[in-house]
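The values are calculated or read from the model by the stated rules, or taken from the named source; none is laboratory data. Since we're looking at a predicted model, the values are computed, not measured. Positions of Cβ are backbone-derived with ideal geometry, glycine not excepted, and every protein chain shown enters the neighbour counts.
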Amino acid sequence: MADSVFGYLFVYEIWVLGIVSTWAWGCATDEYLLPQFRSNVGKNHLDIGTGTGYYLRRGQIPASTQLTLLDKEHPALEVGLKLCGRSDAQGVIADILYPLPLPEKNFDSVSLYYLLHCIPATVEEKCAIFANIKRNMTPDGVIHGANMLGKGIKKDSSFAAYIRRGVLRAGIFHNLDDNAYDFEHALRQNFEEVEAAVVGSVFMFRAAKPKYDL
Ligand SMILES: C[S@@+](CC[C@H](N)C(=O)[O-])C[C@H]1O[C@@H](n2cnc3c(N)ncnc32)[C@H](O)[C@@H]1O
């Protein structure tokens, strides 16, 4: 078990977060994503789709921050809890396409990195998650993340096109219609403050202050 976990860690972090993110998607994790993560962690943080725990281990999260990890899959949550670097982290199994089994107005920060492009759902269904998650956020809460787009981006390099074909064919990515306009629009509908940018083929976002009445 330990060997397979560390093998996965090595492959995912070196290959996906290192080489592919930088050279295929044009969005270096260390340069763009990790700094955004580090600047937006509050006192009670929810990380959705933790993966190998890369951001939680390298995110310089204060020991006083309460940490909750949420994933749809038990094995993935187990890996996240094992590798996140915090023995006191809580784990929750849930699907973010549905209202979350978590307290209302509870988290002052929420992260979801490299998750939305993996979900087999329409872009409308993906956009609807913000209306769910905001109910679990405090009035000054912030949500931040990043995901790979499939539409409205510059032409892929041959390396990016090769990777994209492979992950679509393997059923790892479900993002053919994912576009920045729809995601930003959904964020603006649900939050008072929105910052969004496309870096390479990656949609990066930070939104704060949920609009509860919608
Ligand atoms: C590619 S990993 C992201 C890893 C990490 N956030 C990162 O950027 O390195 C996506 C994770 O999201 C989880 N996931 C996929 N669909 C989900 C859903 N509908 N609800 C909750 N978690 C989901 C998967 O089980 C997986 O652990």
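No other residue among Asn175, Asn179 is of a type outside the set (Val, Ile, Thr) and crowded, with 21+ Cβ neighbours inside 10 Å apart from Asn175. The number of residues in the stretch 37-51 that are within 11 Å of the ligand (Cβ to nearest atom) and of a type in the set (Gly, Ala, Ser) comes to 2.
Check Asp30, Asp47 and return the single one that is within 30 Å of Lys151 (Cα to Cα) and in a helix (DSSP H, G or I). Break it down stepwise before answering.
Details: Asp47 fails: in a helix (DSSP H, G or I).
Answer to the selection: Asp30.
A quick yes/no check of all residues on (1) surrounded by fewer than 19 Cβ atoms within 10 Å (Cβ to Cβ); (2) over 15 Å from Met148 (Cβ atoms); (3) within 15 Å of the chain's Cα centre (by Cα):
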site	(1), (2), (3)
Arg169	yes, yes, no
Ala186	no, yes, no
Gln189	yes, yes, no
Ala196	yes, no, yes
Gly200	no, no, no
Phe203	no, no, yes
Lys209	yes, yes, no
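Scoring Ala146 on the criteria (1) buried (at least 20 other Cβ atoms within 10 Å of the Cβ); (2) farther than 21 Å from Gln36 by Cβ; (3) small (Gly, Ala, Ser) leaves a single failure, condition (2).
When Gly166 is tested against (1) in contact (Cβ under 8 Å) with a residue 12 or more places away in the chain; (2) small (Gly, Ala, Ser); (3) not in a loop (DSSP other than H, G, I, E, B), just one condition goes unmet, and that condition is (1).
Are any residues in the stretch 33-44 of a type outside the set (D, E, K, R) and either in a strand (DSSP E or B) or surrounded by fewer than 22 Cβ atoms within 10 Å (Cβ to Cβ) (or both), and if so, which ones?
Within the stretch 33-44, the first condition is being of a type outside the set (D, E, K, R), and the residues that meet it are 33-37, 39-42, 44.
Listed by number, the residues that qualify are Leu34, Pro35, Gln36, Ser39, Asn40, Gly42, Asn44.
Within the option set Arg188, Arg169, being of a type in the set (Lys, Arg) and under 19 Å from Trp15 (Cα atoms) holds for one residue only, Arg169.
As a summary of the residue check, Ile14 satisfies the conditions (1) in a helix (DSSP H, G or I); (2) surrounded by fewer than 13 Cβ atoms within 10 Å (Cβ to Cβ); (3) modelled with pLDDT of 95 or more except for the one numbered (3).
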